[in-house]
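Notes to accompany the following structure.
Here, each number is a calculation from the coordinates, and none is a lab measurement. Since the structure is predicted, the reported quantities are computational estimates derived from the model, not experimental observations. Heads up, the Cβs are rebuilt from the backbone with ideal geometry, glycines too, and the neighbour counts pull from every protein chain shown.
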Protein chains: 2
Amino acid sequence: MNSETLSKFGEKKLIKQLARILKRRHDVVVGCGDDCAVVSLGPTATDELLLTSDAVIENIHFDASVPLELAGRKIIGRVISDIAAMSGQPSWCLIDLVAPPERKVDEIMQIYSGMTKFAEEYNMAIVGGDTARGGVLELHAFCVGTIPRGRAVLRSGAGKGDALFVTGTIGGSRSGKHLNFLPRLREGIFLRDWASSMIDISDGLASDLRHLIEASAVGVEIFMDKIPVSDVLNNLLPSEKIKHAFTDGEDFELLFTVPEKKKNAFLNRWNRMFDLSLSEIGIITETPGKITTKDQNDLFCMPDEGFDHFLTT
Amino acid sequence: MNSETLSKFGEKKLIKQLARILKRRHDVVVGCGDDCAVVSLGPTATDELLLTSDAVIENIHFDASVPLELAGRKIIGRVISDIAAMSGQPSWCLIDLVAPPERKVDEIMQIYSGMTKFAEEYNMAIVGGDTARGGVLELHAFCVGTIPRGRAVLRSGAGKGDALFVTGTIGGSRSGKHLNFLPRLREGIFLRDWASSMIDISDGLASDLRHLIEASAVGVEIFMDKIPVSDVLNNLLPSEKIKHAFTDGEDFELLFTVPEKKKNAFLNRWNRMFDLSLSEIGIITETPGKITTKDQNDLFCMPDEGFDHFLTT
C-alpha cells in the first residue's frame, strides 16, 4: 500500500511502478520504458509496429499566448520525435481532444489545421480520435509507426567505449523551439544503420541521458565543453547556460551512441547527408549509472531534475 | 470562420467539420466516422489494423462514488467494444493518464489494476502510454486491433430489406452496467460472417442508429414493441422506459444488420453459439435518413439526442 500523493512520489517512480503490473504478451517486443513500444505482427511480417502516445496540455505545454496552430503542431511533433528516436517511420495518428465547452469552433479548427499540416509534412495521416469536454485544452496523440523487424534502435543498446552524440543545440527551448522544432525523422531513420542506442530529448539532457544509461546498464563520461548550448542562452552566465542545457527539456534533439569502430565512417556519412550540427559529448563507460566528467567540479547539474509532471519541489 | 462556442455547436457537428480537413493517405481504408479507423499494412499483408481511442473522465464518465478499479475497467471495455463493433480482435493498448497531483499512488495503482485485469481477459496487452497532471482524473485509451483484410464490418453496409438486430438489453446503464458491461467481442467476431453493417451503442440507440443509417444512406422501420428494454427500468412508465432505452447510452451492445436471405441461417447459428439474447428491432428501408415505426405515434423519442460532450441544452 502506498498512500503517498503523486506530488511527493513523482512521475518517474510512478511509471516504474505501473510498468511492473502490466502483463506481457508474446508479441510485445519492447513494452514500457522506451520512446515507443515495439510489437510484432507475426513471424512472417517484415515490419514491426511502433506505438507511442503523448499529451500537450494548456498551461503545462503551452499557454494562452501561443497561437493554437502551434499547439497542434507541437503534439504532432512530439509523437513523430518519439518514432524518430526508435529509427521508425510514423504512419497513422489518432487525436483525443479535451476542450472547455466555451471554446470557439474556430479555435479547435486552428488546432487541427496545425496538426494536419505538420503531419502531412512527415507523411503521417490523422485517422480519427475522440472528443470530450474538460477544464482546459488537451491534445492526446496516439501514433503508430513502422520499422523493419528487429531494426528499432532502443535505449538499451549502448556499450562501453561507444561515442555519445547529440544533434543540434539544446537548452532554452521555452523561448520558442518547443513550439517550432523539427522532429529529427530523416536523421533518426538514417541512424538505424549506425546507432547502438537512442532517445529523444524531451525531459532534458540530464534526465534523458540517465534514462539511456540506466536502460543500457552503463555509465558515461561527459565532455562538458562539447555540450552544444543553444544561442538563445547566450546572455546567461556560463554556469547558468550549462544548467539550462541539461535541464530545460523539450529540445526534441536525438541523443544516441555509436560504437567506436563505426565512428569515423558514421561521421563521414553524416556530414555528407545532413547540414544539422552534431556534437560528440561523451563516451560510454562501464559502471552502471555512473556519470563522470573530466573535471569533476562540472558535475553540478546532473541530478535527475528534468521535467516531472507530478513532483512539487 | 465560425465563432460559435462548442457548447452551441455540439460535438457531432464539430467531428464532421474536423473530418473534412483531415488528409487521406492511400493506405487509410476507413478514416474518421466509424467505430475504428482501418489501415492497410501493404498489398501483401493478410491483416489490416483497426485503430480507436476513447476517454473516461472523472465527473463525466464516472464520479467519486465509483471504485477506481471500475473506472479502469470501463476505459478498457470501451475500446474493446469499438474493436468488437468492427468484428476485429484487440491486441495492444496505450493509456494516457491525467491526474491531479494530490491523488494517491494507491489510487492510480487501483485504476491500472482494473485496466490490466480486464485487458487480460480479452487477451489485450497494455504496452505503455503517458502521464500528465490535470484537474481531474482522465484515462485516454488508444487501442490497436487486427482484422483479416477487407473483413471489417462497417457502419455503411446496411441495405434495403436487411433485418436490424440488437444484442442484450438497453437503457438504464447508469444504474451499473456502464461500469461492469462485457464488450461483445466473441459476438462481434462471429458477426464477421453475417452482418452487413454494425455499430456499438455508446451514445444511445437513437443516436447510434442514426449514425448507422446515415453511413449506409438508408432508412429504417423500427418495431417499437421489440426494443429489449433493460429490467432496471421496470419501475418507470412505459413511455419513460422506451425513452431511456433510446437515449441513455453506454449500453455497449452491438447494433447490426443481417441481409434477409441470411437471416434464418444466422439465427440458427447464433442460438447454438450464444446465450446472449438477441432482438430483431427493425428492417432497413430505402429512403436515406428516414426513420418510421408501424404506429407513427411511437416516434416521440427519435430526435438525435444521445450524449453530446459539448452541447448545453
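Points worth noting:
- Mean separation of Cα contacts under 8 Å (6+ apart) over length of chain B, as relative contact order %: 22
- Note on segment B:155-300: with charges restricted to the Cβ of Lys and Arg (+1) and Asp and Glu (-1), its dipole about the Cα centre is near 400 debye.
- Remark on segment B:1-90: ratio of C-alpha radius of gyration to 2.2 N^0.38 Å is 1.38.
- Cubic angstrom per residue, convex hull over Cα atoms of segment B:21-148: 119
- Beta bridges by DSSP in chain A, antiparallel share as percent, to the nearest 5: 75
- Database remark: amide H of B:His309 closer than 5 angstrom to the amide H of B:Glu11 (H placed geometrically; neighbours at sequence offset of 5 or more, or on other chains; Pro and chain starts carry no H).
- Gaussian network model of chain B, Cα within-10 Å springs - most flexible of B:Glu48, B:Glu107, B:Glu187: B:Glu107
- Across peptide B:137-144, the average count of Cβ atoms from other chains found within 10 Å of a residue's Cβ is 6.
- Label point of A:Thr46 (7 Å along Cα→beta-carbon): distances to the other copies' equivalent points are 1.7 nm, sorted ascending.
- Cα gyration tensor shape for segment A:206-278, rounded if a/c is under 1.5, else prolate or oblate: oblate
- Long-range amide H partners of B:Glu4 with built H, under 5 Å: A:Val105, A:Asp106
- What the phi angles of segment A:192-202 give under the Karplus curve with 6.51, -1.76 and 1.60, with θ = phi - 60°, is a coupling list of 3, 8, 10, 7, 8, 7, 7, 8, 9, 8, 10 Hz, glycine and proline written as x.
- Dipole-positive endmost among B:Gly157, B:Ile199, B:His26 within chain B (Cβ charges, Cα centre): B:His26
- Per-pair calculated FRET efficiency, R0 = 45 Å: B:Lys16 and A:Glu214 via Cβ, rounded to 0.05: 0.45
- In chain A, Rg over Rh equals 0.96, where Rg is the alpha-carbon radius of gyration and Rh the Kirkwood radius from pairwise Cα distances.
- Nearest beta-carbon to the B/A symmetry axis - residue in chain B, distance in Å: B:Phe142, 2
- Kirkwood Rh (inverse of mean 1/r, distinct Cα pairs), segment B:155-300, angstrom: 15.2
- Label 7 Å beyond Cα on the Cβ vector: A:Ser3 copy-to-copy distances, nm: 5.3
- Once you divide the Cα radius of gyration of the protein assembly as shown by 2.2 N^0.38 Å, the number left is 1.01.
- For the protein assembly as shown, the 222 nm mean residue ellipticity estimated from helices alone, with every DSSP H stretch of n ≥ 4 adding -39500 (n - 2.57) and the total spread over all residues, rounds to -8500 deg cm²/dmol.
- Alpha carbon centroid spacing (whole Å) that separates segment A:45-78 from segment A:147-164: 25
- Sorted from closest to farthest, the other copies place their A:Val232 label points 5.1 nm away, with each point set 7 Å from Cα along Cα→Cβ.
- Segment A:37-43 - phi-based ³J(HN,Hα) in whole Hz, Karplus 6.51/-1.76/1.60, Gly and Pro as x: 7, 10, 10, 8, 8, x, x
- Electrostatic dipole magnitude of the protein assembly as shown [Cβ: Lys, Arg +1; Asp, Glu -1; Cα centre; debye, to 20]: 1380
- Segment B:238-277: translational diffusion in µm²/s, Stokes-Einstein, Kirkwood Rh over Cα pairs, 37 °C, 0.692 mPa s: 261
- FRET efficiency for B:Leu276 and B:Phe223, using Cβ-Cβ distance with R0 set to 25 Å, rounded to 0.05: 0.85
- Taking amide H atoms as placed 1.01 Å from N in the peptide plane, the amide H of B:Ile281 lies under 5 Å from those of B:Leu164, B:Phe165, B:Val166, each 5 or more residues away in sequence or on another chain.
- Distance distribution note for segment B:205-248: the fraction of Cα pairs above 14 angstrom is 53%.
- Shape category assigned to segment B:76-206 from the gyration tensor of Cα positions, a/c cut at 1.5: prolate
- Note on chain B: GNM, Cα springs under 10 Å; of B:Asp208, B:Asp251, B:Asp193, the largest mean-square fluctuation is that of B:Asp193.
- A simple charge model with +1 on the Cβ of Lys and Arg, -1 on the Cβ of Asp and Glu and nothing else charged puts the dipole of segment A:6-148 at about 680 debye relative to its Cα centre.
- Segment B:162-228 - Kirkwood radius from inverse mean 1/r over Cα pairs (Å): 13.4
- Within the protein assembly as shown, percent of DSSP bridges classed antiparallel, to nearest 5: 75
- Against the empirical curve 2.2 N^0.38 Å, the C-alpha radius of gyration of segment B:52-96 lands at a ratio of 1.23.
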